[in-house]
Amino acid sequence: MPELPEVETTRRGLIPSLKGRKILGVTKRRNKIRIAIPEDFEKRIIGCRVLSVDRRAKYLQIPLDSGDVIICHLGMSGKFTVRKIDSTPFEKHDHVIFETDRCEWIIYNDPRRFGLITLCTQGELAGHKLFKKMAVEPLGNEFNGAYLKEKLKIKKSAIKINLLDQSVVVGLGNIYVCEALNIALISPTKKASDLCIDDVERLVVIIRDVLNRAIEAGGSSLKDFVGADGDLGYFQHQFVCYGREGEYCKNPGCIGEINRINQAGRSTFYCPECQK
Ligand SMILES: [Zn+2]
């Protein structure tokens, strides 16, 4: 499932093919992915120029010179592929195809169809139901120790649960929360309000670092993808903690073993030895 680094990698990968380009054609090969694609989608997009490719949490926002914004979420299995226009047939799960004046197809493929493509106006964006309740971005300046400490000070639930709460910080996801807590030596089950300011400051730095390193890994894989089959956004990860149940903890000097527990219906990987 694409997490924030994959979405950011997809965004960066789409920029050369979309930013400043004119959309010459749109093909909907189905009317609905997770939700219906607007009926007037093609009419509102064809002939428009793309201003930029932005990201909010795990959503792509693609503003057009008409004042509309294309919104896209990759769901569980969505991906974009870029390829030169040719006679190769589309694949079964290629749902939406954009044609640009760079003689390219930008293809949205999503076998499990939990993704979403919709449209709103620039004016509707901030108050849009998908975005209006979202907290700060983990890579933005507003996400800092003082902010996070303030958010956590009345929270009696576990720190891990709060880091996954979109009203605390957006887009982190289960994997990166497990990774960051392991590196920060903080137990995922610790009551959020019990974290001292030093813990919180350290955690913020580590969260940014873990995400940035994953984005860099995605970035370095990007040219290979475009060179091979044009798929954007999926790459090999190397996790220090996530998915390593029963293996040794990688924290320096620790001889503990990674455990798996369940928190709010999701797997948590952590080391009981060094994460206190
Ligand atoms: Zn450990």
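Listing for the model above:
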{"read-out": "Within region 65-78, tally of residues that are touching a Lys or Arg at 6+ places or on another chain (Cβ under 7 Å) and either outside any loop (DSSP other than H, G, I, E, B) or not assigned by TED's automatic domain parsing to the domain that holds residue 14 (or both)", "value": "2"}
{"read-out": "From the options 106, 97, 71, residue that is touching an Asp or Glu at 6+ places or on another chain (Cβ under 9 Å) and either of a type in the set (A, V, I, L, M) or modelled with pLDDT under 95 (or both)", "value": "106"}
{"read-out": "Considering residues of region 240-267 that are surrounded by 15 or more Cβ atoms within 10 Å (Cβ to Cβ) and touching a Lys or Arg at 6+ places or on another chain (Cβ under 6 Å) only, the residue nearest to residue 173 (Cα to Cα)", "value": "263"}
{"read-out": "The one condition in (1) of a type outside the set (S, T, N, Q); (2) in the same structural domain as residue 214 (by TED's automatic domain parsing); (3) in contact with a Ser or Thr (Cβ under 9 Å, 6 or more places away or on another chain); (4) in contact (Cβ under 8 Å) with a residue 40 or more places away in the chain that residue 155 fails to fulfil", "value": "(4)"}
{"read-out": "Number of the condition not met by residue 241 [criteria: (1) more than 9 Å from the ligand (Cβ to nearest atom); (2) under 24 Å from the mean Cα position of the chain (by Cα)]", "value": "(1)"}
{"read-out": "Helices (runs of 4 or more DSSP H) contained in region 127-200 and holding at least 3 residues within 23 Å of residue 260 (Cα to Cα) and of a type outside the set (A, V, I, L, M)", "value": "173-183"}
{"read-out": "Residue in region 215-223 that is at pLDDT 95 or above and hydrophobic (A, V, I, L, M, F, W, C) present", "value": "no"}
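The values are calculated or read from the model by the stated rules, or taken from the named source; none is laboratory data. Since we're looking at a predicted model, the values are computed, not measured. Because the Cβ atoms are built from the backbone with ideal geometry, glycine has one as well, and the counts that use them run over all protein chains shown.
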